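Novice: Quick one: the structure is below, and I'll ask about it shortly.
The values are calculated or read from the model by the stated rules, or taken from the named source; none is laboratory data. Here the structure is a predicted model, which is why all the values come from computation and not from measurement. Note: ideal-geometry Cβ built from the backbone for every residue, glycine included; neighbour counts use all protein chains shown.
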Amino acid sequence: MNHEAVILLVEDNPQDEELTLRAFRKSKILNPVVVARDGAEALDWLFAKGAHADRDASVMPHLILLDLKLPKLDGLEVLQRIRADDRTRLLPVVILTSSVEEEDRIAGYGLGANSYVRKPVDFTQFMEAVRQLGLYWLVLNEGAPVPAGGFR
Amino acid sequence: MRDVGPEQEVSRIERLEEENRSLREILENLPVMVFVKDANDRRFLGLNVAGEALLGVSRDQFVGKLAEELFPADQAATIHASDDEAVQSGRAVEVPEEPIETSRGTRWITTRKVPVLGADGLPKWLVGIVEDITERREAEEARARALQEADEATRELESFSYSVAHDLRAPLRSLDGFSQALVEDYHDLLDDEGRRYLGFIRGSAQRMAQLIDDLLSLSRVTRAELAREPVDLTALVRSAAARVEASDSGRRVEIVVEDGLACVGDPRLLAVVFDNLLNNAWKFTGKRADARIEVGAAATEEGPAFYVRDNGAGFDMAYADKLFGVFQRLHAASDFDGTGVGLATVQRIVRRHGGRAWAQGEIDRGSTFFFTLGSQEPDA
């Protein structure tokens, strides 16, 4: 596993955040996790703007875990912005959310999500889901290389 | 020109009077309001019985009056405008929906104004034929209002479901997750009783999550658009059977599906019906070693029906009407788990198809669930 690979977790519920981080830890996924607590913060971090203006913009996450229901900008709008920008359009985005409503899945895939995973209520299942996500996206999956200046 | 004798003159007058009388009778008895006014000075000359009833006036109060003496100024002005149009064009004029003040309140009318030409070829009279559309208009408005309200209710239900789907599960995840965290991180501080209590919390959280999912699927069934297409039910039931078998591979249950089952309906919703009925049968045969589930078609008093029969725990027919209610359960959760939403979902889908679902059973002798589907005409 590439331990430098950054995971961007976009999650507004602090307890869900803690549970997700706990699940990573328990699954021995030790990668740095950046947490954005709403859609606007996620975009600020990705594009090194606003409160994140001074971060190293060349570091892009290997995996974005995106909740759908978020304050300010919701997950689908965030996904749309990610897919619309050359710097981020090829990043793997996994929607990780409570709902399996059909409309959400159709909209999510329609906007270019790479995967859609429901957060199980049962923590044992939740941990297993997070473990498999980490294994697949950080170990098995080969992402698109990020050239300087973004994807063309 | 030949002379007309006095006798012929008398008979001609009689004939004209007779014609006149019969025309009056026709006018009087027409179910729509008819009035006549002078095309030049615009005073009303006559009004039939239907007109008296519509306006709530007697013809004595009406005849000889101008529009402005009978109606408010703005209504009189529009009456004059369409009078002018009919008189000047010499052609009939249609006046669509307009309000008119009467002694019975505001009525909505449509009017056809027909100019009648005199011997000089100029309009001499205006004949008006007036239809009272107040009731029709009110019915249309009520219908539009009801449609709009139904639309709003649907939208509200959708946003409610959306919020339920997204927001109600998060607290449960927290209950379950942190209970598990307590067990893992504070194991030494907890005795068996403490761990058992945490187990209850996790169990309850998971059960509530299941309830939410079941209720959402029930509400989806209500919201979903209904397709009517030919369905190979045998194939559909076999896939549903494979799903229930896969969910509990530890058990062996003989599932027999009749060949050639077919119907017209919504295949996705029918799959939900059989998922629920088979899950039910699977669950309630749980205590039998020789469990058997049978799916087929039968002629019933309600017409051709499909059925799912099992040889499981059965139920007391005294409670048969409670089976299909939401959250109604006939068995203790310790015997057979479940949320009590499955059969309500079945009933709702079947009703949406125009059919009916019912059950027969006997304690310890198994149950049979029947359902019919309404029209078997596919959509064009």
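Novice: Consider residue A:81 against the criteria (1) among the basic types (Lys, Arg); (2) surrounded by fewer than 15 Cβ atoms within 10 Å (Cβ to Cβ); (3) at pLDDT 95 or above: it satisfies all of them except one. Which criterion is unmet?
Specialist: For residue A:81, the exception is condition (2).
Novice: Report yes if residue B:126 is crowded, with 17+ Cβ neighbours inside 10 Å, touching a residue at least 24 places away in the same chain (Cβ under 8 Å), among the hydrophobic types (A, V, I, L, M, F, W, C) and in a strand (DSSP E or B), otherwise no.
Specialist: Working: crowded, with 17+ Cβ neighbours inside 10 Å: yes; touching a residue at least 24 places away in the same chain (Cβ under 8 Å): yes; among the hydrophobic types (A, V, I, L, M, F, W, C): yes; in a strand (DSSP E or B): yes.
Taking the combined requirement at face value, the residue satisfies it.
Novice: If you go through region A:90-145, how many residues are assigned to a strand (DSSP E or B) and out of contact with any Gly (no Cβ under 6 Å at 6 or more places or on another chain)?
Specialist: Within region A:90-145, the first condition is being assigned to a strand (DSSP E or B), and the residues that meet it are A:93-97, A:115-118.
Pick out the ones that are also out of contact with any Gly (no Cβ under 6 Å at 6 or more places or on another chain) and you get A:93-94, A:96-97, A:115, A:117-118.
Residues in region A:90-145 being assigned to a strand (DSSP E or B) and out of contact with any Gly (no Cβ under 6 Å at 6 or more places or on another chain): 7 in total.
Novice: For residue A:44, only one of the following conditions fails: (1) of a type outside the set (Ser, Thr, Tyr); (2) under 18 Å from residue A:6 (Cα atoms); (3) touching a strand residue (DSSP E or B) at 6+ places or on another chain (Cβ under 7 Å). What is its number?
Specialist: Looking at each condition in turn, residue A:44 falls short on (3).
Novice: On to the next question. What residue, of A:94, A:121, A:117, is among the β-branched types (Val, Ile, Thr), touching a Phe, Trp or Tyr at 6+ places or on another chain (Cβ under 8 Å) and within 28 Å of residue B:176 (Cα to Cα)?
Specialist: Working: A:121 fails: touching a Phe, Trp or Tyr at 6+ places or on another chain (Cβ under 8 Å); A:117 fails: touching a Phe, Trp or Tyr at 6+ places or on another chain (Cβ under 8 Å).
Checking each option against the conditions leaves just A:94.
Novice: Separate question: Can you find, within region B:355-380, the residue that is surrounded by the fewest Cβ atoms within 10 Å (Cβ to Cβ) among those that are closer than 17 Å to residue B:268 by Cβ and at pLDDT 90 or above?
Specialist: If we take residues in region B:355-380 being closer than 17 Å to residue B:268 by Cβ and at pLDDT 90 or above, then B:355 is surrounded by the fewest Cβ atoms within 10 Å (Cβ to Cβ).
Novice: Just one of A:32, A:61 is farther than 19 Å from residue B:167 by Cα, more than 14 Å from every other protein chain (Cβ to nearest Cβ) and buried (at least 16 other Cβ atoms within 10 Å of the Cβ); which is it? Walk me through how you get there before you give the answer.
Specialist: Numbers: A:32 fails: buried (at least 16 other Cβ atoms within 10 Å of the Cβ).
Of the residues listed, the single one that is farther than 19 Å from residue B:167 by Cα, more than 14 Å from every other protein chain (Cβ to nearest Cβ) and buried (at least 16 other Cβ atoms within 10 Å of the Cβ) is A:61.
Novice: Filter region B:129-150 down to the residues that are assigned to a helix (DSSP H, G or I) and either in contact with a strand residue (DSSP E or B) (Cβ under 8 Å, 6 or more places away or on another chain) or in contact (Cβ under 8 Å) with a residue 40 or more places away in the chain (or both) and list them by number. Steps first, answer last, please.
Specialist: Step one: of region B:129-150, the residues assigned to a helix (DSSP H, G or I) are B:134-150.
Result: B:134, B:137.
Novice: Cβ contacts < 6 Å: first residue surrounded by fewer than 18 Cβ atoms within 10 Å (Cβ to Cβ), restricted to region B:257-269; second residue part of a loop (DSSP other than H, G, I, E, B), any location; separation 6+ or different chain. Result?
Specialist: Close Cβ pairs satisfying both conditions: B:264/B:228; B:264/B:376; B:264/B:378.
Novice: Of these, B:90, B:128, which one is over 30 Å from residue A:68 (Cβ atoms), away from every other protein chain (no Cβ under 14 Å) and either touching a Leu at 6+ places or on another chain (Cβ under 8 Å) or among the acidic types (Asp, Glu) (or both)? Full working, then the answer.
Specialist: Details: B:128 fails: either touching a Leu at 6+ places or on another chain (Cβ under 8 Å) or among the acidic types (Asp, Glu) (or both).
That would be B:90, the only listed residue that is over 30 Å from residue A:68 (Cβ atoms), away from every other protein chain (no Cβ under 14 Å) and either touching a Leu at 6+ places or on another chain (Cβ under 8 Å) or among the acidic types (Asp, Glu) (or both).
Novice: Which condition does residue B:176 not pass, out of (1) of a type in the set (D, E, K, R); (2) within 11 Å of chain A (Cβ to nearest Cβ); (3) without any contact (Cβ under 8 Å) to a residue 12 or more places away in the chain, if it passes all the others?
Specialist: Just one mismatch for residue B:176, condition (3).
Novice: OK, next. Return the residue satisfying two criteria in turn: it lies in region B:162-173 and is buried (at least 16 other Cβ atoms within 10 Å of the Cβ) and more than 7 Å from every other protein chain (Cβ to nearest Cβ), and of such residues it is farthest from residue A:14 (Cα to Cα). Spell out how you get there, then give the answer.
Specialist: Our first condition is that a residue be buried (at least 16 other Cβ atoms within 10 Å of the Cβ); within region B:162-173, this holds for B:162, B:164-166, B:168-170, B:172-173.
Restricting the remaining residues to those that are more than 7 Å from every other protein chain (Cβ to nearest Cβ) gives B:164, B:168.
Numbers: B:164: 19, B:168: 15 Å.
Residue satisfying both the conditions and the ranking: B:164.
Novice: For region B:44-80: of the residues being in contact with a helix residue (DSSP H, G or I) (Cβ under 7 Å, 6 or more places away or on another chain) and polar (S, T, N, Q), which is surrounded by the fewest Cβ atoms within 10 Å (Cβ to Cβ)?
Specialist: B:58
Novice: Let me ask something else. When residues of region B:13-62 are filtered for being in contact with a Lys or Arg (Cβ under 7 Å, 6 or more places away or on another chain) and of a type in the set (A, V, I, L, M), how many remain?
Specialist: 4
Novice: Among (1) crowded, with 20+ Cβ neighbours inside 10 Å; (2) touching a helix residue (DSSP H, G or I) at 6+ places or on another chain (Cβ under 7 Å), there is one condition residue A:133 misses while meeting the rest; what is its number?
Specialist: Here residue A:133 meets the rest and fails (2).
Novice: Which one of these does residue B:189 not meet: (1) surrounded by 11 or more Cβ atoms within 10 Å (Cβ to Cβ); (2) more than 14 Å from chain A (Cβ to nearest Cβ); (3) touching a helix residue (DSSP H, G or I) at 6+ places or on another chain (Cβ under 9 Å)?
Specialist: (1)
Novice: Is it true that some residue in region B:218-228 is in contact with a Gly (Cβ under 9 Å, 6 or more places away or on another chain), within 11 Å of chain A (Cβ to nearest Cβ) and in a helix (DSSP H, G or I)?
Specialist: No.
Novice: Checking the condition polar (S, T, N, Q), exposed (fewer than 14 other Cβ atoms within 10 Å of the Cβ), more than 28 Å from the chain's Cα centre (by Cα) and at pLDDT below 90, which residue from B:239, B:249 passes?
Specialist: On the way: B:239 fails: at pLDDT below 90.
The match here is B:249.
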